[in-house]
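What follows draws every value from the coordinates through simple rules; no lab data is involved. Since the model is a prediction, treat every value here as computed from it, not as a measurement. Glycine also receives a Cβ, built like all others from the backbone with ideal geometry; neighbour counts cover every protein chain displayed.
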Amino acid sequence: MAVNFGPFVLDRGTHQLRRGPEERRLGPKGFELLELLLDHRPNVVTRERIRERLWPGTFISESTVASLVAEVRAALGEDARRPSYLRTVHGVGLAFCGAAVESRSAPAPPADPIAYRLVLKDREVMLNAGENLLGRVENGVVWLSSPTVSRRHARISIEDGRAILEDLASKNGTFVNGCRITAPIALTDGDTFRLGRVTIGLRAVLPNEATRTDAED
């Protein structure tokens, strides 16, 4: 089933948030939070229930929950001071406050297989299916020699045509759109992200394209 609200569709089948034909970037935890609030609309979901659902058996800080709420609001283009969908009930939790309608998921259109490359200053590196480790470590997909990058800094997982970026408790952080991420987040073609002070781009390509470096141009 999918849930339609305003110009958005939360598609449980494809695990996507879309505004018309455009997919809005939302990490797995953000998707789960929005799904939880929609399932309980218009009732308030307490912060304790949110923590139990998203991080069972794990202690997390209020700032982690706040960062996740900010990620969902950013995907919806919502101002926290004038919410259209996520209403904060201070001292209690959150509620979905917009009108929403359940519908059947439309079948996803066929698409060409997608692979991904990292774009660095001096080269491009093809990512492998599964886990790709980033940092100052020899078994990583790419060696990043900057002292601001941890040995095991972050990883990108390629699963079902999606690229999911996750910080690995790095010292100097992993940033997307200038914001330090605290949970896995989906990347799309043309996105840039930063590990410490190293900026990296992401390109979506057909998987049969050979790995290319700038020297080959």
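Mind putting a number on the dipole of the chain about its Cα centre? Charges go on the C-beta only, +1 for Lys and Arg and -1 for Asp and Glu, and I need it in Debye to the nearest 20.
760 debye
Relative contact order of the chain, please, whole-number percent, based on alpha carbon pairs below 8 angstrom and at least 6 residues apart.
Here the relative contact order equals 18 percent.
Work out which helices of the chain, taken as complete DSSP H runs, extend at least 15 Å along their axis over the Cα atoms and score a mean Kyte-Doolittle of -1.0 or more, then list them.
Length and hydropathy pass: 28-39, 62-76.
What FRET efficiency comes out for Arg53 versus Leu133 if R0 is 30 angstrom and r is the Cβ-Cβ distance? Round to the nearest 0.05.
Efficiency at R0 = 30 Å is approximately 0.55.
Taking the Cα centre of region 27-146 as origin, work out the dipole magnitude from +1 charges on Lys and Arg Cβ and -1 charges on Asp and Glu Cβ, in debye rounded to 20.
320 debye
How would you classify region 1-79 from its alpha-carbon gyration tensor, with a ≥ b ≥ c the square roots of the eigenvalues: rounded for a/c under 1.5, else prolate if a/b is greater than b/c, otherwise oblate?
prolate
How much mean residue ellipticity at 222 nm does the chain get from its helices, if each DSSP H run of length 4 or more adds -39500 (n - 2.57) and you divide by all residues, to the nearest 500 deg cm²/dmol?
-5000 deg cm²/dmol
Of Val69, Gly13, Leu36, which is farthest towards the positive pole of the chain's charge dipole, taken about the Cα centre with +1 and -1 on the beta-carbons of Lys, Arg and Asp, Glu respectively?
Going by the Cα projections, it comes out as Val69.
Need one number: nm distance between label points at Ala169 and Trp143, each 7 Å from Cα along Cα→Cβ, rounded to one decimal.
2.6 nm
For Arg12 paired with Thr46, estimate the spin-label separation in nm (one decimal), with each label point 7 Å from Cα along the Cα-to-Cβ line.
For Arg12 paired with Thr46, the spin-label model returns 2.5 nm.
Between Glu22 and Ser157, what is the FRET efficiency for a Förster distance of 25 Å, r being their Cβ-Cβ separation, to the nearest 0.05?
E(calc), rounded to 0.05, equals 0.60.
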